[in-house]
Every structure is written in structure tokens, then in C-alpha cells.
1. Take the residues of the stretch 54-79 that are of a type in the set (A, V, I, L, M) and over 10 Å from the mean Cα position of the chain (by Cα): which is farthest from Arg118 (Cα to Cα)?
2. For Ala69, are the conditions met, namely being without any contact (Cβ under 8 Å) to a residue 24 or more places away in the chain, under 30 Å from Gln6 (Cβ atoms) and surrounded by 14 or more Cβ atoms within 10 Å (Cβ to Cβ)?
3. Being hydrophobic (A, V, I, L, M, F, W, C), touching a Ser or Thr at 6+ places or on another chain (Cβ under 9 Å) and open to solvent by 20 Å² or more (accessible area, probe 1.4 Å) is the filter here, so list the residues in the stretch 1-13 that pass it.
4. When you scan the stretch 39-48, how many residues do you find that are open to solvent by 10 Å² or more (accessible area, probe 1.4 Å) and in a helix (DSSP H, G or I)?
5. With Arg36, Arg51 as the choices, which residue is touching a Ser or Thr at 6+ places or on another chain (Cβ under 9 Å) and either at pLDDT 95 or above or surrounded by 20 or more Cβ atoms within 10 Å (Cβ to Cβ) (or both)?
6. Between residues in the stretch 121-139 that are without any contact (Cβ under 8 Å) to a residue 12 or more places away in the chain and residues that are of a type in the set (S, T, N, Q) and surrounded by 14 or more Cβ atoms within 10 Å (Cβ to Cβ), which pairs lie under 8 Å by C-beta distance while being six or more apart or on different chains?
7. Do any helices (runs of 4 or more DSSP H) entirely within the stretch 62-135 hold 2 or more residues that are under 23 Å from Ala45 (Cα atoms), and if so, which?
8. Name the residues in the stretch 1-38 that are assigned to a helix (DSSP H, G or I), out of contact with any helix residue (DSSP H, G or I) (no Cβ under 6 Å at 6 or more places or on another chain) and touching a residue at least 12 places away in the same chain (Cβ under 8 Å), would you?
Amino acid sequence: MLGAQQRETEAANLLSAGIVEVPESADLYHALGLSRIRQQQTKNALDALTRAAKLAPGNRRYQYVYAVALQSTGKVNEAIEVLQSILKNNPGDPEILSALVAFNRDAGKKSVALEYARKLQSMLPNNPEIKKLVESLQP
């Protein structure tokens with residue numbers, strides 16, 4: 001394990017050096033954020049992922065990872081806002097809809113979660129897991 005940790009530290013150092021050279025690179029910030037997550041450096045990871053998301057607002061993947069990082073640090077409402085923003089440009093994205101269901105359900109917003117679950121079900125009507133999800137959210 002020590003070898004893996006040492007390599008991750010080296011990778012983060014290399015990415016940080018790259019950011020010094022190319023400070024507006026969303027790709028480098030995103031990669032650094034993921035590296036910091038693997039090193040369990042949550043605050044540093046969130047800082048890097050925030051920067052990546054701001055530098056590349058149209059990059060759906062960076063926005064999604066940023067939202068997940070926000071949610072994992074207890075910033076659920078901010079995460080939901082990011083996901084809703086992504087959904088505006090990607091209305092049929094099942095990954096985003098699924099995350100919105102989960103984040104809203106976990107935040108105690110079952111009626112909102114149900115709305116997103118129903119949208120997901122309309123896209124994937126033959127999926128038994130989504131059917132169970134919708135049923136579990138109904139009052």
C-alpha cells in the first residue's frame with residue numbers, strides 16, 4: 001500500500017507542477033482533485049474539483065464529479081443545484097436523474113426525488129429497479 005500512496009503523492013505533485021505551468025487547465029485540476037480523493041484529502045480535492053468545474057462549465061463529467069464531491073462533504077443543496085444545472089443541458093441523462101433522485105431522497109425531499117424517479121422511469125419503462133424505486137418513494 002505504501003507504494004501506491006507514494007505514487008499517488010508523486011502524481012499529485014506532478015499535476016500541481018502542471019497547474020503552475022498551465023493555470024487555466026480544467027483537465028489538470030480535475031485530475032488533481034481525483035488524486036486528492038484517492039489520498040483522502042477531501043478539502044484539497046473539493047478545491048481542485050471546484051476549480052475544474054468553474055474552468056469548464058460545459059464539461060458534464062467535471063460538473064457531475066464536482067456535485068458528488070459536494071454531496072460527500074455534506075453540501076447536499078449545492079450538489080443538487082449543480083446537478084439541476086447539468087440536467088438543463090442534458091435533460092435525458094439517466095446518470096444525472098439517478099443522482100438527483102438519490103440526493104433529494106437522502107435530503108428528505110421525497111416528493112422531489114419521486115418527480116425525478118418518474119422522469120427516469122418514463123425514459124426506461126421496462127427497468128424493474130426503477131419501478132421499485134418509484135414505488136418506494138410514493139406516499
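The values are calculated or read from the model by the stated rules, or taken from the named source; none is laboratory data. Since we're looking at a predicted model, the values are computed, not measured. With ideal geometry, Cβ positions are generated from the backbone for all residues, glycine too; neighbour counts draw on all protein chains shown. We work out accessible area using only protein heavy atoms, side chains counted, and drop any ligands, DNA or RNA first. Shrake-Rupley method; radii C 1.70, N 1.55, O 1.52, S 1.80 Å.
1. Going through the qualifying residues, I end up with Leu55.
2. Values: without any contact (Cβ under 8 Å) to a residue 24 or more places away in the chain: no; under 30 Å from Gln6 (Cβ atoms): yes; surrounded by 14 or more Cβ atoms within 10 Å (Cβ to Cβ): yes.
So Ala69 does not fit the description; no.
3. Residues of the stretch 1-13 that are hydrophobic (A, V, I, L, M, F, W, C), as a first pass: 1-2, 4, 11-12.
Narrowing further to those that are touching a Ser or Thr at 6+ places or on another chain (Cβ under 9 Å): 11-12.
Once the filter is applied, which keeps residues that are hydrophobic (A, V, I, L, M, F, W, C), touching a Ser or Thr at 6+ places or on another chain (Cβ under 9 Å) and open to solvent by 20 Å² or more (accessible area, probe 1.4 Å), the stretch 1-13 yields only Ala11.
4. Looking only at the stretch 39-48, we keep the residues that are open to solvent by 10 Å² or more (accessible area, probe 1.4 Å), and these are 39-44, 46-47.
Still in the list and also in a helix (DSSP H, G or I): 42-44, 46-47.
The total comes to 5.
5. Details: Arg51 fails: touching a Ser or Thr at 6+ places or on another chain (Cβ under 9 Å).
Every option except Arg36 fails the conditions.
6. As it stands, the answer is Asn127/Gln121; Lys131/Gln121, since those pairs meet every condition given.
7. On the way: elements: 76-89, 94-106, 110-123.
By residue number, 76-89, 94-106.
8. Restricting attention to the stretch 1-38, the residues satisfying the condition of being assigned to a helix (DSSP H, G or I) are 2-21, 26-38.
Within this subset, residues satisfying the condition of being out of contact with any helix residue (DSSP H, G or I) (no Cβ under 6 Å at 6 or more places or on another chain) are 2-7, 9-10, 13-14, 16-17, 20-21, 27, 34.
Across the stretch 1-38, the qualifying residues are Gln5, Thr9, Ser16, Asp27, Leu34.
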